[in-house]
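Heads up, the thing below is written out as structure tokens.
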Amino acid sequence: MRNLITDVEGLRVGNAEDARIASGTTIILADAPVVAAATVMGGGPGTRERDAIGLEGTVGAADAIVLSGGSAFGLDAASGVQTWLRENGRGFQVGPVRVPIVPQAILFDLINGGNKDWGREAPYRELGFKAAEAAGGDFALGSAGAGYGATVARGAGLSMRGGLGSASERLTFGGESVVVGALTAVNAAGAVTVADTPHFWAAPYEHGGEFGGLGLPYPLPPEAARPVLKYGALAGANTTLCVVATDAPLTQTQAKRIATMAAAGMARAIHPVFSPLDGDIVFALATGRAALSDRDTALPYIGAAAANCLARAIARGVYEASASLPDGTQSYRNLFASA
């Protein structure tokens, strides 16, 4: 177990980023089409091909999921991934042609100091292609991929660097086992740490000191209950993009329920969350590689594990971020080096 979403058999992850523009793209690449569903929790989502994996749709499966910075400009990243998939003979069969199904969601990182004056050709199509080429079992966390230019709140009116996070967990049911994993690009209007302390809201769910092992402060400081928003938390200028996955053989309706249950993990890790300022979304994938005799009994446990993994992944993404953004926004490790 790598403690990554790629512990789910059949999934690989690739990152590509550009330090000059302070943005990037992450792709979750399935070895074969996977059952997919999504639920939107925030008030300002930006997506592509989400209807293709809606319960009312015909396809119900995806070849890849793309998370990207760049706001609406970043939606080009899926085109680059489609190009890579087509070159590799992947896609939904329609007569003599194949059409890769690549749902995507984007986050806003356009005012982090990076040079966004790219003229007619936004760089995200190329970043999507590069991320697909780089996909593998191991990948960078923190200041990488879609999390490269992300930020979160740190105390009232302050900001710190967000990031790309992941976590996984194995569940056993009698003699059978399934793996659950999560991946997230954290760019929340709210905070992932308690007030202006280094303690993560997700601390009760931490495994083995994966984001510092500090636990929650005791007692909680009085200001902990007050919601805080990051500096410049404009409407539509934030979003936490999430993917949860399992190797359990789920139907699309069951995957949709897992996405909904997993959203609880965001509420455990971000305060406040699901605001009109955010475009929060959770994709759920099921590769079906594991044997599972009683899906109905296992489903609540899988959903609970997905929520826990997602909370942990959010904290890890911020914890693993490094250095600073071009506008001077510092990382968790810079701000709390002695914690």
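The values are calculated or read from the model by the stated rules, or taken from the named source; none is laboratory data. What you are looking at is a predicted structure, and each value in this text was computed from that prediction instead of being measured. Note that we place each Cβ from the backbone using ideal geometry, even for glycine, and neighbour counts take in every protein chain shown. Side chains included, ligands, DNA and RNA excluded: accessible areas come from the protein's heavy atoms. Shrake-Rupley method; radii C 1.70, N 1.55, O 1.52, S 1.80 Å.
Among the candidates GLU126, GLU206, GLU133, the residue that is closer than 30 Å to GLY288 by Cα, surrounded by 18 or more Cβ atoms within 10 Å (Cβ to Cβ) and of a type in the set (Asp, Glu) is uniquely GLU206.
Taken over the stretch 51-64, the criterion of being closer than 15 Å to THR260 by Cβ and either touching a residue at least 40 places away in the same chain (Cβ under 8 Å) or open to solvent by less than 10 Å² (accessible area, probe 1.4 Å) (or both) is satisfied by ILE53, LEU55. Pairing each residue of the stretch 182-200 that is free of Cβ contacts under 8 Å to residues at least 24 places away in the same chain with any residue that is surrounded by 21 or more Cβ atoms within 10 Å (Cβ to Cβ), provided the two are 6+ apart or on different chains, yields C-beta distances under 9 Å for HIS199/THR193. For the stretch 181-238, the set of residues classified as among the hydroxyl-bearing types (Ser, Thr, Tyr), within 13 Å of MET160 (Cβ to Cβ) and either part of a strand (DSSP E or B) or at pLDDT below 90 (or both) consists of THR193, TYR231, listed by residue number. Would it be correct to say that ALA337 is among the aliphatic types (A, V, I, L, M) and free of Cβ contacts under 8 Å to residues at least 24 places away in the same chain? Considered against the rule, which asks whether it is among the aliphatic types (A, V, I, L, M) and free of Cβ contacts under 8 Å to residues at least 24 places away in the same chain, ALA337 comes out as yes. Just to verify a result, which residue in the stretch 26-50, among those that are over 15 Å from ALA259 (Cα atoms) and not in a strand (DSSP E or B), is modelled with the highest pLDDT? Among them, the one singled out is GLU49.
When the stretch 114-127 is limited to residues that are in contact with an Asp or Glu (Cβ under 7 Å, 6 or more places away or on another chain) and modelled with pLDDT of 95 or more, the one that is nearest to ARG316 (Cα to Cα) turns out to be LEU127. State the number of residues belonging to the stretch 35-50 that are closer than 16 Å to LEU85 by Cα and open to solvent by less than 10 Å² (accessible area, probe 1.4 Å). Counting residues in the stretch 35-50 that are closer than 16 Å to LEU85 by Cα and open to solvent by less than 10 Å² (accessible area, probe 1.4 Å) gives 0. Checking each residue in the stretch 120-155 for being on the phi > 0 side of the Ramachandran plot and in a loop (DSSP other than H, G, I, E, B) picks out only GLY155.
Tell me, which residue of the stretch 254-275 that is among the polar types (S, T, N, Q) and in a helix (DSSP H, G or I) is farthest from ARG295 (Cα to Cα)? Ranking the qualifying residues of the stretch 254-275, first place goes to THR260.
The single residue among GLY165, GLY208, GLY175 that is under 17 Å from LEU241 (Cα atoms) and not basic (Lys, Arg) turns out to be GLY165. Selection of first residues in the stretch 251-267 that are closer than 15 Å to ILE53 by Cβ and of second residues that are of a type in the set (Ser, Thr, Tyr), restricted to Cβ pairs under 6 Å at least 6 apart or on distinct chains, gives the following pairs, ordered by first then second residue: ALA259/THR39; THR260/THR39.
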